[in-house]
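The values are calculated or read from the model by the stated rules, or taken from the named source; none is laboratory data. Bear in mind that the values here come from a model prediction, so they are computed numbers and not experimental data. Cβ: placed from backbone, ideal geometry, glycine included. Neighbour counts: every protein chain shown.
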Amino acid sequence: MLVSILISVGFLLACGLVLAGLLVLAEKKILNYGTCHVDVNAGRKVLDVEGGSSLLSSLAEQNIFIPSACGGRGSCAYCKLKVQEGGGMVGPVEEPYLSPEERQDHVRLACQVKVRRDLKIEIPDELFSVSRFRAKLLHKKPLTHDIVELRLQLLEPDSISFEAGQYVQLESAEYKGRESVMRGYSISSVPSDNQHLELIIRRVPDGICTTWVFDHLKEGAEVLFSGPYGFFHLSDTQAPIICIAGGSGMAPIWAIVRDMKEKGIARPTTYFFGALTQRDLFFLDEFRKLEQECPWFKFVPALSKEPADSGWTGERGLITDVVSRHFPDTSKHEAYLCGSPGMIDASVAVLTKNGMPEANVFYDKFA
Amino acid sequence: MTPLADMGFLSSFLLIFVSAAFTDNILMARFLGMCSCLGVSKKVDTSLGLGLAVMFVTAATAALNYLVYQYLLVPLHLEYLRLIVFIVVIAAFTQLVEMIIERVSEKLYNSLGIFLPLITVNCAILGISLFMLNKPYSFLQAFAFGLGGGFGWFLAIALIGGIREKINEAALPKGLAGPGITLVVIGIMALAFVGFSGMIKI
Amino acid sequence: MKETPDDKALEDRLGASKFSGEGFLGTDHRPVDEIVAADLHELAQLGVAQETLLAALRDAFEKARAALGGEVEIRPGLKAVAHESMGRIPSPFRGDGVFEKGDVVLTAADGEQIVLTALGLAMIEKHSFFQGRGSRYRVEPARAARLLDLV
């Protein structure tokens, strides 16, 4: 009796162990792709990566940060790059995101390409200068009822080189069951102060990252971000400039204008700051001071919902109407816009109606 | 002596295959594997994918389990452990096949491999392995039984998928949409399959 | 009941994610198919075509968006305000692309609210998906039809 019990238990145990061992062995043998060489931009960099994981995470391990918002779930399609060789076939997940031309060009989603063999890939050159930073939050200053300014001291690497107008991807920490996410925010500090970074962030109801910034992030805490990203920066021309930005969209403009001052670029510049009421305004004194120091700069705050009987003596009305009143002819100007898609669409419409070629309108929708 | 032994090898193989696929259809006559069938039969292409995966796994595990049973369980007098051993063998086999397919062919993986985790624990597959022990089959006959049973399941889910694609479920009364109408369809189809019963006795 | 890998992936993406802290299903435990079928059924009972409702919602959304944060009156007793928000959000339905963030809140005189987003409208248009109960962005078909004076 005892023997038969022992035999059955022993047999089941052996059966389970053998099969489990077989699977573990198989995983090691079958799913082991060895070391693969990834050739980036025709030999500019050759990486040795352990095969088997996605191209996106393999590149991140080698400190090449392809922009990605969804963290490799194949739903944001930000991580597009060209895989010239070794990418295998286009999977069902990425298929809907690729246009016929892109497929012709071997464009793939980095998160869906598994490194199985040697690869040849092409990425935009600017991504080489993107790194991941560790920083300390020096202060979190409320600017209005729903906007804060963050000032970060870079720890590692301890300095950053960027152009005024670019943005970084801030990584939120996990809180209350929310995952860690990455969100883009424009840099509001000037490039010359390369050991610090300032961001202007507006609270979004239910926003994963902004809720973290407002409610959970404490001064002195460590913050992770990657960057710099983006092509929003001052052009090389001498054309007079119109800037339009409201709320936290002020960040890149604030950086660009101060950068111009430091570099002695004296192109005539008018900055229209659109807001609803007086409580949404900030940095008024700073901009007034800048106006006095720089004769080429003009600051025009405009309120659209300010009660008629308040003491406000500045511009009133929709920002687009105010711009139109000041610049009935915009054909010689360049425009720099930053804000919500609705504001940008409306601004582009007004500027082009008043004669500006669309190629002279630069904007950052944080896309 | 069983009657099967009198027949030629090919005819017994064919006979077992046909009977397992039609007269003893695992889905229609025994109502096994219903869960994955209800869930995955919304479209023809996914039905075909899952059906093929089931057919492959059923045939392979029937053969595998036959060997395990005849050469391990019977000599050790542990026949009563067959249920639990078969489950483990099938689960390990599907995992292994998934790995191999992923390594060998991306195309095959995208069309078939993604269904393998779904059928790691599937009662139709276990059912075939257990039912084959009721008859004194040889190894090849057991394989034929597994292949036929899997083919029957494949055929049934492909038909159901085709019918469901044609049904406009939005136009149905709320309570009937989804699994409700699918069960009605399966019931009517099962009547047809019952018509086969008794045609072949093995 | 088992689900196809596609359905399961969709349900995963509809849940709380890196894009939507709350997810699109709210506290609704029904499968997506069932939510869609129930809402379409409700619309059919009301005698309102999905296209009609969608057009009215989109009209309200565009009007509020054009007002850049100001309040607009869609019809007597129904006000709409757009709240801007930077960035874009990808649709949980694969291949539908990314949509601008920001929402438009419709508020009736008695305080009843509907919150519209560009993504939400696209999901209604393409998939008849009005989002799950308990989601902040659910467009309850009956309520929307009533507020927009379609019934």
Of C:GLY95, C:GLY134, the only residue that is part of a loop (DSSP other than H, G, I, E, B) and out of contact with any Phe, Trp or Tyr (no Cβ under 8 Å at 6 or more places or on another chain) is C:GLY134
For segment A:55-95, give me each residue that is closer than 21 Å to A:GLY43 by Cβ, under 18 Å from the mean Cα position of the chain (by Cα) and assigned to a loop (DSSP other than H, G, I, E, B).
A:ASN63, A:ILE64, A:PHE65, A:ILE66
Have a look at A:GLN104, A:GLN84, A:GLN62 and point out the one that is more than 14 Å from chain C (Cβ to nearest Cβ), under 30 Å from C:ARG88 (Cβ atoms) and loosely packed, with under 13 Cβ neighbours inside 10 Å.
A:GLN104
Any residue at all in segment A:20-43 that's among the aromatic types (Phe, Trp, Tyr) and either closer than 30 Å to B:ARG103 by Cα or modelled with pLDDT under 90 (or both)?
yes
Look through segment A:296-312, keep the residues that are assigned to a strand (DSSP E or B) and hydrophobic (A, V, I, L, M, F, W, C), and return whichever of them is surrounded by the most Cβ atoms within 10 Å (Cβ to Cβ).
A:ALA302
Going by the conditions given, is A:LEU234 in contact with a strand residue (DSSP E or B) (Cβ under 9 Å, 6 or more places away or on another chain), touching a residue at least 60 places away in the same chain (Cβ under 8 Å) and more than 26 Å from A:VAL181 (Cα to Cα)?
yes
Of all the residues that make up segment A:327-353, how many are in contact (Cβ under 8 Å) with a residue 12 or more places away in the chain, within 14 Å of chain C (Cβ to nearest Cβ) and not β-branched (Val, Ile, Thr)?
9
Restricting segment A:36-59 to residues that are in contact with a Gly (Cβ under 7 Å, 6 or more places away or on another chain) and farther than 23 Å from A:GLU126 by Cα, which is nearest to the other protein chains (Cβ to nearest Cβ)?
A:GLY51
Take the residues in segment A:177-192 that are more than 10 Å from chain C (Cβ to nearest Cβ) and outside any strand (DSSP E or B), then tell me which one is surrounded by the fewest Cβ atoms within 10 Å (Cβ to Cβ).
A:SER192
The number of residues in segment B:168-178 that are surrounded by 13 or more Cβ atoms within 10 Å (Cβ to Cβ), modelled with pLDDT under 80 and closer than 24 Å to B:PHE31 by Cβ is 4
Qualifying residues in segment C:5-21 (those that are surrounded by fewer than 19 Cβ atoms within 10 Å (Cβ to Cβ) and of a type in the set (D, E, K, R)) - the one farthest from B:LEU48 (Cα to Cα):
C:ASP12
Looking only at residues that are polar (S, T, N, Q) and outside any helix (DSSP H, G or I) in segment C:1-56, which one is farthest from the other protein chains (Cβ to nearest Cβ)?
C:THR27
Can you tell me which condition C:ILE114 does not meet? The list is (1) surrounded by fewer than 18 Cβ atoms within 10 Å (Cβ to Cβ); (2) more than 30 Å from A:PRO67 (Cβ to Cβ); (3) in contact (Cβ under 8 Å) with a residue 12 or more places away in the chain, and all the others hold.
(1)
For C:GLU62, which of the numbered conditions (1) more than 8 Å from chain A (Cβ to nearest Cβ); (2) on the phi > 0 side of the Ramachandran plot fails to hold?
(2)
Among the residues of segment A:139-176, the number that are assigned to a loop (DSSP other than H, G, I, E, B) and under 25 Å from A:TYR336 (Cβ atoms) is 10
Selection from segment A:193-216 of residues that are crowded, with 21+ Cβ neighbours inside 10 Å and either part of a loop (DSSP other than H, G, I, E, B) or of a type in the set (S, T, N, Q) (or both)
A:VAL204, A:GLY207, A:THR210
